[in-house]
Structures are given as structure tokens and as C-alpha cells.
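The values are calculated or read from the model by the stated rules, or taken from the named source; none is laboratory data. Keep in mind that this is a model prediction, so the values were computed, not measured. In this analysis, Cβ positions are derived from the backbone assuming ideal geometry, glycine residues included, and neighbour counts consider all displayed protein chains. We work out accessible area using only protein heavy atoms, side chains counted, and drop any ligands, DNA or RNA first. Shrake-Rupley method; radii C 1.70, N 1.55, O 1.52, S 1.80 Å.
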Amino acid sequence: LDNLLWNNNRLLVGFGKMSRDFKPEGTGIDPVLNSTSSWFFGKNYMKLYEAQFVKVSMTQRINQSLSFNPSVEFSRDYPLDNHVSYKLSENKAYEPNIPYGFTAESPALQKQTGFVYGLAVNYRKTQKKPWLETSGFLFISDFYNLRLAYNQGLRNVLASESDFSQIDILFNQQATLSPGTGIDWRINAGMFLHARQLHFSRYKHFRTSEIPVTFSPFTHTFQL
């Protein structure tokens with residue numbers, strides 16, 4: 001829904017029931033790659049949980065560079081068990097949906113109800129270089145971006161058990177140095193001001209690559 005409240009804004013409403021990766025989109029393994037690994041080799045890297053959710057978010061553009069993004073989400077999260085009916089691998093048992101370092105009894109993986117709101121401010125500035133020919137294969141833009149975000153889980157709101165607050169700061173820059181070279185770097189910092197109770201999906205996750213095959217860019221990825 002565009003321009004519902006003010007000019008230059010977008011309101012998004014989403015709800016449903018689905019199986020989710022514990023890691024948010026863009027940080028976990030690609031679903032197609034995980035399916036291929038599971039079917040042919042019996043190795044499921046992706047760990048899933050079930051979520052029933054309602055989410056409302058808005059993006060308000062203040063000017064060409066500055067935008068403001070508030071959001072509210074209510075969710076019920078449940079553990080999931082793997083049930084195998086067909087595989088091409090001799091290994092017929094999938095690994096349980098338990099991330100490394102946790103057990104089935106870990107509080108972060110238990111059935112939980114959460115009410116979380118977030119506030120984010122984003123500043124993106126395009127840098128124009130009319131004297132430099134852009135590259136057709138580097139896929140690098142000339143910009144820098146600064147994002148400041150705050151998320152908080154509110155306990156006892158709609159029976160919510162979430163009780164945490166988190167601040168996150170991200171700076172990212174891409175720059176073309178010549179038609180054949182460029183740089184793409186970022187620095188990310190933050191902390192939990194308190195973390196009394198939160199589901200594992202609410203942890204701070206990073207993009208990692210456990211296997212040499214990936215459908216995602218290698219940039220900004222921890223190679224494991």
C-alpha cells in the first residue's frame with residue numbers, strides 16, 4: 001500500500017503460517033541448495049522452525065537519501081521434527097532441527113510467543129563519477145549507506161514472552177575505482193542491551209558458508 005498516510009511511504013502487512021530458517025533471509029543457506037543436498041546426500045544444513053505471524057511495517061522516505069522504517073510483529077514459534085518419506089541417499093535419517101551448540105531443551109528453541117517492535121533509520125547517498133566509465137560486469141554501484149536499527153521484545157503484550165532490546169549499526173560502501181576494479185566493504189556493530197528471553201531466530205545472525213558450493217555472493221560471508 002503506497003502513499004496511505006503521507007507522500008513517499010509504503011505500508012506492508014503480512015501474515016501466515018510457514019516453516020522458517022532460524023537465520024533470516026540472506027544469511028542462511030539457499031533453500032534450493034539445501035534441498036539438493038538433502039535429497040541426494042542426506043545432509044540438511046538448514047534448520048527450521050514453524051512460525052505463525054502477523055507483521056506490519058512502514059517505510060517513510062523523508063528525502064532522496066533519508067528513510068525511516070518502523071515495524072511491529074507478533075509471532076508464535078514452534079519446534080519442528082523432520083519426517084522422511086523419500087530420499088536418493090543411503091542415509092535415511094535427517095539431522096534434527098537443532099542448531100549447533102544447542103539441545104532440544106534449550107530455552108531459545110522452545111515454543112514461544114513474541115511481540116517485537118523495531119525502529120530503523122537509513123541514510124543512502126549515491127556518489128556520481130561522470131569522469132569514470134562504469135563496468136558492465138563488476139555489478140558495483142557507487143554509494144555509501146548508514147543504517148541504525150533498534151529492536152525490542154515486549155513481555156506480557158498479547159501473552160508475549162520476549163524480553164530483549166538490541167541496537168545495530170551498519171555502514172556499507174561500494175565504489176568503482178576503474179572500469180575493471182572496485183571495492184565493496186562494510187562494518188557492522190551492535191549489542192543486546194538486555195537479553196532475558198528471545199527465540200533463536202531473534203539472535204544476531206551472520207552469513208556463513210559451510211560448503212564450497214554457494215548460490216550467494218562470497219562478499220560479506222564468513223567462510224567456514
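Accessible surface computed residue by residue for the range 135-201, with neighbouring protein chains in place and a 1.4 Å probe, gives 56 Å² per residue.
Determine the share of the range 44-201's accessible area contributed by carbon and sulfur atoms, expressed in whole percent, with a 1.4 angstrom probe.
On the way: 5500 of 9620 Å².
The value for the range 44-201 is 57 percent carbon and sulfur by accessible area.
When Rg and Dmax are taken over the Cα atoms of the range 62-126, they come to 20.2, 58 Å. Calculated over the chain, the projected area of the Cα convex hull averaged across directions stands at 15.5 nm². In plain terms, the bigger the Kirkwood radius, the slower the diffusion; for the range 146-224, with that radius from Cα pairs, at 25 °C and 0.890 mPa s, Stokes-Einstein puts D at 158 µm²/s.
Just the number please: accessible area per residue for the range 46-109, 1.4 Å probe, all protein chains included, in Å². All intermediate terms of the calculation are to be shown ahead of the outcome.
Working: 4010 Å² over 64 residues.
Per residue, the range 46-109 has 63 Å² of solvent-accessible surface.
Amide H contacts under 5 Å for S89: G42, restricted to partners 5 or more places along the chain or on a different chain, H placed in the peptide plane at 1.01 Å from N.
Extension gain for the segment A93 to T221, taken as residue separation times 0.36 nm less the Cα-Cα distance, is 43.2 nm to one decimal.
Once the convex hull of all Cα atoms in the range 82-202 is built, its volume per residue stands at 204 Å³. Among the listed pairs K17/K111; K23/K125; K47/K92; K17/K43; K47/K204; K23/K47, a Cα-Cα separation exceeding 19 Å is found for K23/K125; K17/K43. Calculated FRET efficiency, L177 to F139, Cβ-Cβ distance, R0 = 25 Å: about 0.95 to the nearest 0.05.
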